[in-house]
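Undergrad: One structure follows; several queries about it will come next.
Since every read-out is calculated from the coordinates, none of them should be taken as a lab result. Just so we're clear, the structure is a prediction, and the values are computed from it rather than from any experiment. Neighbour counts run over all protein chains shown; Cβ positions are idealised from the backbone, glycine included.
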Ligand SMILES: Cc1cc2nc3c(=O)[nH]c(=O)nc-3n(C[C@H](O)[C@H](O)[C@H](O)COP(=O)(O)OP(=O)(O)OC[C@H]3O[C@@H](n4cnc5c(N)ncnc54)[C@H](O)[C@@H]3O)c2cc1C
């Protein structure tokens, strides 16, 4: 049953400073409302427990995309449609564009934001694996300070993250270091569109003389949080692209992910598919 609307409050601040002051004055009382695509589902289902929201959608600074020689920096309110339309993201960060194009349908892509996808903290979310593989950093801002942290390590447990109640996720920064990389993104769901992931892999890799020089490998839907597989990445560094390396990759991955049985899939299926995707990535790197 839909939540009782008069019990909710949604205020629109006139500036980012006012939004941050509201969060600071009553920490934990107000929460951001961005595109609302996750929050409205909870409201419709009568499961939206929190009652006071700050409508951050009109804050122009959170919609900006800025480019320097070193980075592309995306406002937290960058939508999936914005991502797909950006020429630099299309040429240098294609996995983020693919994730955006496979997220929901057009209405969701027009309204859903990267910031909302990160803070909603679903382990099955589709942009976080790409952000992890691209070494994204995120900016958390409060009235007191603004800090950049690595996105890797931000999620500390299921729906738990390193963000204070008075902080807003304001920007996401991607280092422009993807030249000569293979980009590999696969979302496996029940259907080709409008499906929640059973397993999702985003990986980038480089090789030198048929040896793996470096990889960045991130999975969704295989643990309580999206995971960057740093042990497997380390194990693969400098290895030749042969059968022994493929076996090493599969064995290492098994120890690094912990999928569960749930309504969408089984742990056994997820383990098998995750391993197959990793091997497919390495085969693609061999041919690259
Ligand atoms: C039909 C449908 C299909 C979907 N398909 C997909 C899919 O394929 N893949 C996928 O990953 N997701 C999917 N989603 C989920 C959703 O669209 C995304 O997670 C989206 O990115 C959420 O962004 P939002 O701006 O709408 O977040 P909101 O709903 O506004 O907020 C989500 C959470 O994040 C917090 N928040 C939002 N912005 C900030 C910020 N800047 N700082 C701090 N906290 C913030 C809010 O307080 C709230 O807790 C789907 C949803 C629907 C309804």
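Undergrad: May I ask you to sort 57, 148 by Cβ crowding, counting other Cβ atoms within 10 Å and putting the fewest first?
TA: Neighbour counts put them in this order, fewest first: 148, 57.
Undergrad: Which order, highest average first, do 261-271, 169-179 follow once you tally other Cβ atoms within 10 Å for each residue and take the mean per peptide?
TA: On the way: 261-271: 14.5, 169-179: 18.6.
The peptides rank, most packed first, as 169-179, 261-271.
Undergrad: Sum -39500 (n - 2.57) across every DSSP H segment of at least 4 residues in the chain, then divide by the residue count to get the 222 nm mean residue ellipticity, nearest 500. Kindly include the intermediate steps, with their values, before the conclusion.
TA: Working: 11 runs with 98 residues, N = 288.
Mean residue ellipticity at 222 nm (helix-derived): -9500 deg cm²/dmol.
Undergrad: Restricting to the chain, what percent of DSSP beta bridges are antiparallel, rounded to 5?
TA: Looking only at bridges with both residues in the chain, the antiparallel portion is about 85 percent.
Undergrad: Does the stretch 151-287 come out rounded, prolate or oblate by the C-alpha gyration tensor, with a ≥ b ≥ c the root eigenvalues, rounded set by a/c under 1.5 and, if not, prolate when a/b is larger than b/c and oblate if not?
TA: Oblate, since a/c reaches 1.5 and b/c is not below a/b.
Undergrad: Separate question: Compute the Cα gyration tensor for the stretch 51-198, then decide on rounded, prolate or oblate, letting a ≥ b ≥ c be the square roots of its eigenvalues: rounded whenever a/c is under 1.5, prolate when a/b is larger than b/c in the other cases, and oblate in all that remain.
TA: rounded
Undergrad: Which value results for Rg/Rh of the stretch 1-83 when Rg is the Cα radius of gyration and Rh the Kirkwood radius based on the inverse mean 1/r? Before the final figure, lay out each step's value.
TA: Working: Rg = 14.9 Å, Rh = 14.3 Å.
Value, to two decimals: 1.05.
Undergrad: Could you give the distance between the Cα centres of the stretch 119-189 and the stretch 220-288, to the whole Å?
TA: That distance is 21 Å.
Undergrad: Quick one: of the DSSP bridges fully inside the stretch 6-152, what percent are antiparallel, nearest 5?
TA: Working: 9 of 15 bridges.
Percent antiparallel among DSSP bridges in the stretch 6-152 is about 60.
Undergrad: Next question. What distance in nm lies between label points placed 7 Å from Cα along the C-beta direction at residue 237 and residue 55?
TA: In this crude spin-label approximation the distance works out to 4.9 nm.
Undergrad: Helix 16-25 versus the longest principal axis of the chain: what angle, 0 to 90°, nearest 10, using Cα atoms?
TA: Helix 16-25 sits roughly 80 degrees off the main axis of the chain.
Undergrad: Then there is this: Measuring from label point to label point, each 7 Å out along Cα→Cβ, what is the residue 63 to residue 15 span in nm?
TA: It works out to 1.9 nm between the two label points.
Undergrad: Let me ask something else about it. With each pseudo-label sitting 7 Å past Cα toward Cβ, what's the residue 284-residue 31 distance in nm, one decimal?
TA: 3.5 nm
Undergrad: May I pose another question? Treating the angle as unsigned and between 0 and 90°, give the value, to the nearest 10°, between the Cα long axis of helix 267-287 and the longest Cα principal axis of the chain.
TA: Taking the Cα atoms of the chain, the angle to 267-287 is about 60 degrees.
Undergrad: If I stretch the segment between residue 81 and residue 230 completely, what's the gain in nm (0.36 nm per residue apart, minus their alpha carbon distance), one decimal?
TA: Separation in residues times 0.36 nm, less the Cα-Cα distance, equals 50.6 nm.
Undergrad: So, one more: Which order do peptides 11-18, 82-89 fall in by mean Cβ count within 10 Å, highest first?
TA: Working: 11-18: 13.4, 82-89: 17.0.
The densest-packed peptide leads the list: 82-89, 11-18.
Undergrad: Can you give the angle from 0 to 90° between the axis of helix 243-256 and the longest principal axis of the chain, with both taken from C-alpha atoms, to the nearest 10?
TA: The angle comes out near 30 degrees.
Undergrad: Between residue 211 and residue 150, what's the calculated FRET efficiency when r is the beta-carbon distance and R0 is 30 Å? Round to 0.05.
TA: Values: r = 27 Å, r/R0 = 0.90.
With a Förster radius of 30 Å, E is 0.65.
Undergrad: Now for a separate question. For the chain, just say rounded, prolate or oblate: build the C-alpha gyration tensor, square-root its eigenvalues into a ≥ b ≥ c, call rounded for a/c under 1.5, and beyond that prolate if a/b exceeds b/c, oblate if not.
TA: Prolate, since a/c reaches 1.5 and a/b exceeds b/c.
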